[in-house]
Each structure stands twice: as structure tokens, then as C-alpha cells.
Amino acid sequence: MKLADYRRPVLAVLAVSALALTGCGEEDTTAEVVGPVATATATGTSTAEGGMSATSTATPTATDAAAATDSASADADPVAGAAGAATAIATAEAAVENGRAVQLDREAEGESWIVGVASGQTRHEITVSADGEEVLEQGEEIALTDDKIAELDRATVTLTEAVETAFGEVEGTLARAGDLGEINGLLTWVVQINETGTGEVLDVGINAEDGTVTGVGS
């Protein structure tokens with residue numbers, strides 16, 4: 001055999017070996033990607049092929065904060081708030097000639113309002129729909145005492161104004177308002193509010209002659 005013929009297969013083997021080594025070298029030099037992968041909206045640990053792990057940490061967003069605020073606000077029923085109470089009072093007063101609201105109660109199930117409306121020497125019991133827009137019933141009539149008429153004549157602050165002032169002090173839903181009378185020498189409206197968050201019923205005293213808050217307590 002000639003030397004040239006012997007070297008051909010040897011060179012072929014060397015070439016194949018070189019290619020194999022080259023392939024191994026490329027695989028060994030492939031860079032691994034190691035490190036945290038951060039996301040803005042998720043928290044957790046994920047594992048990719050080859051055992052690589054990535055941990056992400058969430059950051060609260062403005063949307064998250066708004067959702068929390070909406071959730072907290074959902075506790076308060078606007079129909080049973082200051083605006084709903086004012087609507088119910090106005091509807092009841094309109095049903096009685098020269099009527100003036102002196103008492104307001106929200107039924108336990110929230111299905112209606114009961115409004116005491118004074119006119120002359122008589123107090124009328126008016127049932128108003130839950131949204132305050134419609135008179136459902138005109139109930140009994142009760143004679144007012146001379147002392148009560150005198151107190152109403154002294155009160156320059158209306159029941160509606162007293163309720164609005166009370167809701168400026170306590171956030172929640174109305175339970176009862178009225179009970180005009182002397183407290184610590186001051187003619188006072190008492191507004192009871194179911195406080196949002198605690199559910200506690202708080203009494204807010206409103207001076208019936210100048211509209212100032214006289215006290216808040218349970």
C-alpha cells in the first residue's frame with residue numbers, strides 16, 4: 001500500500017474526531033442564565049429546565065390601592081347616609097302641610113324610613129320608601145305637648161341640617177335622628193349613626209340653636 005493511501009483513512013478519522021470535539025466544546029461553553037426574574041404583578045418561585053430557579057417579588061400598584069379603597073367604601077350604604085336621609089325627610093315634609101321633620105328612623109331591614117313630621121299641634125307618622133322618593137303610608141297622628149312645641153319653636157337648625165353635620169363627624173349609616181331636648185342645658189338634636197368598620201352605634205349631639213357639635217359618644 002502506498003503511504004498516501006494509508007494516510008487518507010487516518011486523516012478522515014482525525015477530521016471526525018475534531019468535529020466531535022468541536023461540538024462538545026460548543027456545548028460546554030454555552031452560557032448559563034442564572035438570576036432573578038422580576039415581575040410587577042406576581043409573587044412566587046418558578047423552575048425552568050435544567051433546574052434553574054427564578055424568584056419574583058410583587059410591588060403594590062395604584063390599581064391595588066384603589067381596589068382596597070373601593071372595598072372599604074362598599075361598607076357604607078349611600079341610601080342610608082346623609083343624602084338618603086335628606087331625601088326621605090323632604091318627601092315626608094312635602095306630604096304634610098307646613099310640615100317640619102322632628103324624628104327620623106331607618107327600619108332594621110332598610111326597607112323604609114319612618115319620619116315624624118310636626119305641623120301645628122300634631123305630629124304625623126309618615127312611612128317613606130327606602131330610596132326616600134315615595135310616601136308609602138301616612139300613619140297615626142299624635143298630639144304635641146306645649147313643651148315640645150316650644151322646643152321646636154326655639155330650634156333654628158332643621159333635622160336635615162343636624163343629620164348632615166353629624167355625618168361630617170362620623171362615617172356610616174343612619175339609625176335614628178331627632179329626640180330634640182335639653183342636654184346639659186343645650187337644646188340638642190341627637191343623631192345615631194352605625195359607624196362604618198366597627199358597626200358601633202354612635203350618638204352625635206347637634207346644638208339645635210347654632211348647629212355646632214356638642215359631643216360624640218356611644
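The values are calculated or read from the model by the stated rules, or taken from the named source; none is laboratory data. Since the model is a prediction, treat every value here as computed from it, not as a measurement. No Cβ is skipped: glycine too gets one built from the backbone with ideal geometry, and neighbour counts run over all protein chains shown. These area figures cover heavy atoms from the full protein model, side chains too; ligands, DNA and RNA do not enter into them. Shrake-Rupley method; radii C 1.70, N 1.55, O 1.52, S 1.80 Å.
When residues in region 177-193 are screened for being at pLDDT 95 or above and under 24 Å from Glu111 (Cβ atoms), 6 of them pass.
When region 119-165 is filtered for residues that are more than 16 Å from Thr87 (Cα to Cα), assigned to a loop (DSSP other than H, G, I, E, B) and touching a strand residue (DSSP E or B) at 6+ places or on another chain (Cβ under 9 Å), the ones remaining, listed by number, are Gln121, Leu144, Ala155, Val157.
Contact map, region 199-218: residues that are under 11 Å from Ala155 (Cα atoms) and open to solvent by 50 Å² or more (accessible area, probe 1.4 Å) paired with residues that are outside any strand (DSSP E or B) and at pLDDT 95 or above, Cβ distance under 8 Å, separation 6+ or inter-chain. Pairs shown: Glu209/Arg154; Glu209/Ala155; Glu209/Thr156; Glu209/Val157; Asp210/Thr156; Asp210/Val157. Say whether the condition of being in a strand (DSSP E or B) and either at pLDDT 95 or above or in contact with a Ser or Thr (Cβ under 7 Å, 6 or more places away or on another chain) (or both) is met by at least one residue in region 80-90. Within region 80-90 (the criterion being in a strand (DSSP E or B) and either at pLDDT 95 or above or in contact with a Ser or Thr (Cβ under 7 Å, 6 or more places away or on another chain) (or both)), the answer is no, since none of the residues qualifies.
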